[in-house]
Amino acid sequence: MPTTETINHSDGRVELKEEALRDIQGSPLYNPDLAPVPVAKRNWTTYNYAALWISMAHCIPTYMMASGLIAAGMNWWQALITILLGNTIVLAPILLNSHPGTKYGIPFPVFARAAYGTIGSNLPAIMRAIVACGWFGIQAWIGGQALQTFFAAFIPGWANLLGGSVGGHAPTEWLSFLLFWGLNILIIYRGMNVLRIFENWAAPFVLVMTSILLAWILYEAGGIGFLLHEPGKFQTFGEFFPIFIPSLTAMIGFWATLSLNMPDFTRFGKSQREQVIGQTVALPTTMVVFAAMGILITSAAVVVFPNMKHEDAWDPVKLVSQFSQPLVVAVSMFTVVVATLSVNIAANVVSPANDFANAFPRWISFRTGGLITGIIGILMQPWKLLADPSGYIFSWLLGYSGGLGSIAGVLIADYWIVRRRDLNLGDLYRTSGEYSGWNWRAVVATLLGCFFAWIGLIIPSLRALYDYAWFVGFGVAFVVHWALMTAVPPASAETDKVGEVV
């Protein structure tokens, strides 16, 4: 809530006065990477947020997303509608949780301190971080495969250059994976401004290169190919609905991570209007367009390369490896590397780096948190997560969406309903302030949300709850947190008068 230690700008943004900022700098909950961003340094525009989402959406999992839905029995337009609807739904919590970032200049784990307490915020932060580590590993493995194909285009016998198979993969595959992993860490060590510049450049580059590939392969195929004529397995709504619901939940789960930690980016926003428009315009449209490109390219590729397996046509790395011209392979693989690098750093390193820093602000910086993310990403063995596409959608995405939905329910209920968008900015960094310790109400709400979202895994008769995991987790946690904060409100800390308005 506003106090005399804050400056409240006429556009709604809030920042700490210099004396208040100096006061919290000695707190064990403070480090420069978690500090509120001064208004003068909040310089991200509508284009920056649109470019961020375009870069993140233009990734291999988005390209391959429709393949899992079509493999499950949908036709092309049913798959695209499912993707559009899922991303439109998840846009709502993304925008709701973006607001405090722009208003107060704070990252996600600091925002979570208001609902969960200064210590309790580590629960949602670490839950979010572990998921991001898994995603980081998945994207790093995909990027490594692209580098492997890139090198093979120029170096004869590259695949066997370092000997036979190790752990089911060539040693050069492991080397390519580690090289791509290192690129991620290098960029994150350069800081958020370098990330912003990279995303601004990567977004149009990947879109243009994918459009060129699409135009060429449609020309070579003489049309759109077979996929757009496939009827799909579901002829009635009754047949379609049972697969539609878990698929929709999985689509929401795809960006359920970002629905929590968008304050990590919107803390740099010039205004609420700029971040809202940038995200609203870019997210649903880009996801559908890029997934549609994946469908068209795959459909035409089966015609152009008749000896290629249908499942391989969905993987752009395997698809491009069919080309005989080294230059074409190199440019295509460079595009895949750029696309994968841009989404991996923005979506899967920034948040856990802040989350791990939140756990031990005095010992873990943003850079160190990024390194921890990379190490855990390797330990989670992403090559196994990607081995089964159905497991990727219906186990990985669907399962964790329930946990992240529970956190989103608590955060949105707390900020928009309980506190009505008023936070005591300074106390978010104080061990003895309004948010000190644990807020058991938020913890109970989160655990109950997870319990009901996941109970279907244990009790088969309740499987429907698991199919709706994100919705169930969000709804239960939202209602329970609101009810507990109303029935048993925490003791209010004394606050000062309204801050200075400029």
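The values are calculated or read from the model by the stated rules, or taken from the named source; none is laboratory data. This structure is a prediction, so every number in the text was calculated from the model and none was measured. Cβ placement follows ideal geometry from the backbone for every residue including glycine, while neighbour counts extend to all protein chains displayed.
Scanning the range 226-274 for residues that are among the aliphatic types (A, V, I, L, M) and part of a loop (DSSP other than H, G, I, E, B) turns up ALA256, MET262. Among the residues of the range 25-39, is there at least one that is part of a helix (DSSP H, G or I) and at pLDDT 90 or above? Yes - at least one qualifying residue is present in the range 25-39. Which members of the range 12-60 meet the condition of being farther than 18 Å from SER436 by Cα, touching a helix residue (DSSP H, G or I) at 6+ places or on another chain (Cβ under 8 Å) and either surrounded by fewer than 19 Cβ atoms within 10 Å (Cβ to Cβ) or aromatic (Phe, Trp, Tyr) (or both)? The answer is GLY12, TRP44, THR45, TYR47, TYR49, TRP53. Taken together, the criteria place ILE138 among residues that are farther than 22 Å from ASN31 by Cα and either among the hydroxyl-bearing types (Ser, Thr, Tyr) or in a helix (DSSP H, G or I) (or both).
Could you tell me which of the residues ILE126, ILE138, ILE130, ILE187 is farther than 30 Å from GLY409 by Cβ and among the aliphatic types (A, V, I, L, M)? So that I can check it myself, show each step before the final result.
Details: ILE126 fails: farther than 30 Å from GLY409 by Cβ; ILE138 fails: farther than 30 Å from GLY409 by Cβ; ILE130 fails: farther than 30 Å from GLY409 by Cβ.
Exactly one residue qualifies, and that residue is ILE187.
Beta carbons closer than 8 Å, at least 6 apart along the sequence or on distinct chains, pair a first residue in the range 399-418 that is among the charged types (D, E, K, R) with a second that is part of a helix (DSSP H, G or I) and surrounded by fewer than 24 Cβ atoms within 10 Å (Cβ to Cβ) for ASP414/MET485. Scanning the range 244-252 for residues that are modelled with pLDDT of 85 or more, of a type outside the set (Asp, Glu) and surrounded by fewer than 19 Cβ atoms within 10 Å (Cβ to Cβ) turns up at least one hit. Residues being touching a Phe, Trp or Tyr at 6+ places or on another chain (Cβ under 7 Å) and surrounded by 22 or more Cβ atoms within 10 Å (Cβ to Cβ): count how many of those fall in the range 295-331. Selection size over the range 295-331: 4. Look at (1) surrounded by fewer than 20 Cβ atoms within 10 Å (Cβ to Cβ); (2) outside any helix (DSSP H, G or I) and you find that THR118 fails only one, number (1).
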